[in-house]
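**Student:** I'd like to ask some things about the structure below.
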Amino acid sequence: MAANKKIVLAFYGDDFTGSTDALEFICRAGAKAILFIEPPTAEQLRMHPDLDAYGVAGKTRALPPVEMEKILLPAFEQMKASGARYVHYKVCSTFDSSPTIGSIGKAIDCGATVFNNTTIPVLGGMPALGRFCVFGNLFAKMGIGSEGKIYRLDRHPSMSKHPVTPADESDLRIHLGKQTNKQIGLIDIIDLKKNVEEINKDESVVLIDALNEQHLLKIGEWIALQAKDQVQFCVGSSGIELALGKYWNEKDLLKQKAEWPAVEKTNSLLVISGSCSPVTAAQIAYAKTNGFEEVIIDAEKICTDDVIEQAVFDAVNHLLQQQKNVIVHTGEKQINNLSAEKLGTALGYIAKTAAAQSLAKRIVVAGGDTSSYAARAMDIEAVEMIAPLIIGAPLCKVMSKNKWMHGVEVNFKGGQVGGEDYFVVMVNGE
């Protein structure tokens, strides 16, 4: 692939919801960016010559390490060849992972193989989203963009009970140490008081604390210092985009974007939810008291028999024809260890079918593990950001060869994102 020297950042997201989160923060910093569903070819990049950055919305969060490696090694090689100055493996801000599913340690190992950096920075916190890393321990607010309480990760009411990767350890060095054999150092909040030239660590992987946004400018400068004359690989939440963006704004390499187009109210909103989060459950309950209709699907049957009942399509389309706001979800009964691929694909197919009848012009996809599969079932090839409505979950526009999906407005919401009025905000556009 011919290198594109203009691209300063390429990121690979471990799911679709988290990828749009990273897209938001690099666009807020003033970068022209697009989020692809697969690593872009040289031809695709030539079609967008004005790009400063691009992302790839992957699905590695729901995969075992062997499958992750098969995807990440060639993806990282292709991103390296694109000429990007920094390559970021974007993970959930709560570091959802385990040695057997979505291993961040495996991603670190793959990045070390491809990029051969002396130091791999791992940013632990994302204060803008209510994620705080202090002396290596991660704390998280209950509900991004809400007024929820802050909990240590292993005591978080939602994350400690995650159906696939429950958080049982708040010290990220210990958490990641179960996933990689590499030694993990720490730049703590005391170190962050020093000048960046004085912050030196010997370990090949270095976790970085972040308690407030003032820390992020220094972190962005420190990461830039590590890059020297090579492509720099780094790992973490969208705090990487915020940190580097702040640094590039400070250096006048990018001009921060403060104004966005107004978003109009939609006649009918379609929500497809595979989320098991109590935050999403509260949002569904609130929406129902504000006029939303629900269609409950049999997730266990879908994942066992690969069948979506025709009654589901009929109910969804009938309600949308009446210009109702509709939520398709799995109901209050939560069943662990269902296939994220099968459930997400089914939800995406329901949305695509509605779009094919011109019934869904704005769609919300809720749930991190299922989001990447839903996006693929919806024939999404790429998205670009329209406007920030809820922090960490921007409204985007679909690019697709499917004429019914092309131009549809889409929002990807992680389980922990938003206050209880989230879906009402997505209807009104404010």
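**Student:** Quick one: which helices (runs of 4 or more DSSP H) lie wholly within region 38-156 and hold at least 2 residues that are under 16 Å from the mean Cα position of the chain (by Cα)?
**Tutor:** By residue number, 104-115.
**Student:** Scan (1) buried (at least 18 other Cβ atoms within 10 Å of the Cβ); (2) hydrophobic (A, V, I, L, M, F, W, C); (3) out of contact with any Lys or Arg (no Cβ under 9 Å at 6 or more places or on another chain) for the single condition residue 253 breaks and write down its number.
**Tutor:** (1)
**Student:** When you scan region 286-321, how many residues do you find that are more than 25 Å from residue 358 (Cα to Cα), surrounded by 14 or more Cβ atoms within 10 Å (Cβ to Cβ) and at pLDDT 90 or above?
**Tutor:** Residues that pass the stated criteria total 1.
**Student:** Mind listing just one residue for me: the one in region 347-363 that is in contact with a strand residue (DSSP E or B) (Cβ under 9 Å, 6 or more places away or on another chain) and small (Gly, Ala, Ser) and, of those, modelled with the lowest pLDDT? Break it down into steps so the answer makes sense when it comes.
**Tutor:** Of all residues in region 347-363, those in contact with a strand residue (DSSP E or B) (Cβ under 9 Å, 6 or more places away or on another chain) come to 347-348, 350-351, 354-355, 359-363.
With small (Gly, Ala, Ser) added as a condition, the list becomes 348, 351, 354-355, 360.
Details: 348: 95, 351: 96, 354: 94, 355: 94, 360: 90.
If we take residues in region 347-363 being in contact with a strand residue (DSSP E or B) (Cβ under 9 Å, 6 or more places away or on another chain) and small (Gly, Ala, Ser), then 360 is modelled with the lowest pLDDT.
**Student:** For residue 341, state whether it is modelled with pLDDT under 95 and either part of a helix (DSSP H, G or I) or of a type in the set (Gly, Ala, Ser) (or both). Lay out the reasoning, then the answer.
**Tutor:** Details: modelled with pLDDT under 95: yes; either part of a helix (DSSP H, G or I) or of a type in the set (Gly, Ala, Ser) (or both): yes.
When the stated conditions are applied, residue 341 passes them.
**Student:** Report whether or not residue 411 is more than 21 Å from residue 27 (Cβ to Cβ) and at pLDDT 95 or above. Please lay out each step first, then the result.
**Tutor:** Values: more than 21 Å from residue 27 (Cβ to Cβ): no; at pLDDT 95 or above: yes.
Spelling it out, it is not the case that residue 411 is more than 21 Å from residue 27 (Cβ to Cβ) and at pLDDT 95 or above.
**Student:** Assess whether residue 360 counts as being part of a helix (DSSP H, G or I), closer than 21 Å to residue 309 by Cα and not β-branched (Val, Ile, Thr). Quick ask: steps written out before the conclusion?
**Tutor:** Values: part of a helix (DSSP H, G or I): no; closer than 21 Å to residue 309 by Cα: yes; not β-branched (Val, Ile, Thr): yes.
No.
**Student:** Could you check region 400-428 and list, in sequence order, the residues that are of a type in the set (A, V, I, L, M, F, W, C) and outside any strand (DSSP E or B)?
**Tutor:** Filtering region 400-428 for residues of a type in the set (A, V, I, L, M, F, W, C) gives 404-405, 408, 410, 412, 417, 423-427.
Those that are of a type in the set (A, V, I, L, M, F, W, C) and outside any strand (DSSP E or B): 404, 405, 408, 423, 424, 425, 426, 427.
**Student:** So, one more: Can you spot a residue in region 160-167 that is among the hydrophobic types (A, V, I, L, M, F, W, C), outside any loop (DSSP other than H, G, I, E, B) and surrounded by 19 or more Cβ atoms within 10 Å (Cβ to Cβ)?
**Tutor:** Kept after step one, since they are among the hydrophobic types (A, V, I, L, M, F, W, C), are these residues of region 160-167: 164, 167.
Among the residues that remain, those that are also outside any loop (DSSP other than H, G, I, E, B) are: none.
Within region 160-167 (the criterion being among the hydrophobic types (A, V, I, L, M, F, W, C), outside any loop (DSSP other than H, G, I, E, B) and surrounded by 19 or more Cβ atoms within 10 Å (Cβ to Cβ)), the answer is no, since none of the residues qualifies.
**Student:** Can you tell me which residues in region 366-392 are closer than 24 Å to residue 276 by Cα, surrounded by fewer than 24 Cβ atoms within 10 Å (Cβ to Cβ) and small (Gly, Ala, Ser)?
**Tutor:** Residue satisfying the conditions is 377 alone.
One line per residue, one yes/no per condition, for (1) in contact with a helix residue (DSSP H, G or I) (Cβ under 6 Å, 6 or more places away or on another chain); (2) of a type in the set (Lys, Arg); (3) not in a loop (DSSP other than H, G, I, E, B):
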residue	(1), (2), (3)
226	no, no, yes
253	no, no, no
258	no, no, no
282	no, no, yes
288	no, yes, yes
307	no, no, no
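The values are calculated or read from the model by the stated rules, or taken from the named source; none is laboratory data. Predicted model only: the values in this text are computed from it and were never measured. As a convention, Cβ positions derive from the backbone with ideal geometry for all residues, glycine included, and neighbour counts pool all protein chains shown.
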